[in-house]
Amino acid sequence: MKLLLALLALIAVPAAASSSSDRAEIFATVQKMEDAWNRGDFRGYMAGFKNPDVVFVSGGRFQDGWQGTLDHYIRDYGGSPERRGKLHFYNMKVDLLAPDAAMLVGQYRLVRGARVTEGVNTRLFRKVSGKWLITMNHVSAYDVTPGSNAPEAK
C-alpha cells in the first residue's frame, strides 16, 4: 500500500507541474496577442489562433476562418492607433480539459478614444505540435456608455 501511494505521488507531481506549465504557456500566448494588438501587429495577434481553420464567432456571426478574421481586424481596426485602440485581457481562468485541450474564459476591454468596449472571450485551446493555439473563439461584447458604472479592467 505504501509503495502504491509513493508511485501515485510520483505520477501526480509531474502532472501538477505540467498543468502549471500549460496554464503559463496559455497566459503567455494571450499576453503576446495583447501586446501585438497594441502595437498594431494584427498578424502577430493572429499568431495565437490555429491557421487556417480557427472557428471564430463574434456579434452572432461566424468569421471566415483565420484569414477572414485577420481581414476583419485590418478592415475594422486598422489604419491608426486611435482606430485600433488599446486592448487589455483580464480576469482569465484556464481549465485544462485534457493534455492537449484547455478552455479559457476571460474578459477584455478595448478603449478607442471615447468608445469603450468590454466583453467576454471563451476560447478553446488545443496543443498543436507542442504549441497552445486557439481553435475556437467566442466573443460577446457591449459598448460601455460614458459615465456608466461599468466595471473597470484590472
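The values are calculated or read from the model by the stated rules, or taken from the named source; none is laboratory data. The shown structure was predicted, so the numbers you read here are calculated from the model rather than taken from an experiment. As a convention, Cβ positions derive from the backbone with ideal geometry for all residues, glycine included, and neighbour counts pool all protein chains shown.
Data table
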{"quantity": "Number of positions in the range 38-65 that are modelled with pLDDT under 95, at positive phi and out of contact with any Asp or Glu (no Cβ under 8 Å at 6 or more places or on another chain)", "calculated": "2"}
{"quantity": "Which numbered condition ARG83 fails, given (1) surrounded by 14 or more Cβ atoms within 10 Å (Cβ to Cβ); (2) touching an Asp or Glu at 6+ places or on another chain (Cβ under 9 Å); (3) not in a strand (DSSP E or B)", "calculated": "(1)"}
{"quantity": "Subset tally (residues that are surrounded by 15 or more Cβ atoms within 10 Å (Cβ to Cβ) and touching a His at 6+ places or on another chain (Cβ under 7 Å)) for the range 19-69", "calculated": "2"}
{"quantity": "Qualifying residue in the range 74-96 (condition: within 13 Å of THR135 (Cβ to Cβ) and among the small types (Gly, Ala, Ser))", "calculated": "no"}
{"quantity": "Hits in the range 115-142 - residues which are surrounded by fewer than 16 Cβ atoms within 10 Å (Cβ to Cβ) and in contact with a helix residue (DSSP H, G or I) (Cβ under 9 Å, 6 or more places away or on another chain)", "calculated": "LYS131"}
{"quantity": "So ALA98, is it surrounded by fewer than 12 Cβ atoms within 10 Å (Cβ to Cβ), at pLDDT 95 or above and over 18 Å from VAL30 (Cβ atoms)", "calculated": "yes"}
{"quantity": "Given (1) touching a residue at least 12 places away in the same chain (Cβ under 8 Å); (2) surrounded by 15 or more Cβ atoms within 10 Å (Cβ to Cβ); (3) under 24 Å from LYS127 (Cβ atoms); (4) touching a helix residue (DSSP H, G or I) at 6+ places or on another chain (Cβ under 7 Å), number of the condition TYR73 does not satisfy", "calculated": "(3)"}
{"quantity": "Verdict on TYR108 being modelled with pLDDT of 95 or more, under 21 Å from GLY40 (Cα atoms) and either of a type in the set (Lys, Arg) or touching a Leu at 6+ places or on another chain (Cβ under 7 Å) (or both)", "calculated": "yes"}
{"quantity": "Test: residue in the range 44-61 that is within 28 Å of ASP143 (Cβ to Cβ), among the polar types (S, T, N, Q), out of contact with any helix residue (DSSP H, G or I) (no Cβ under 7 Å at 6 or more places or on another chain) and free of Cβ contacts under 8 Å to residues at least 24 places away in the same chain", "calculated": "no"}
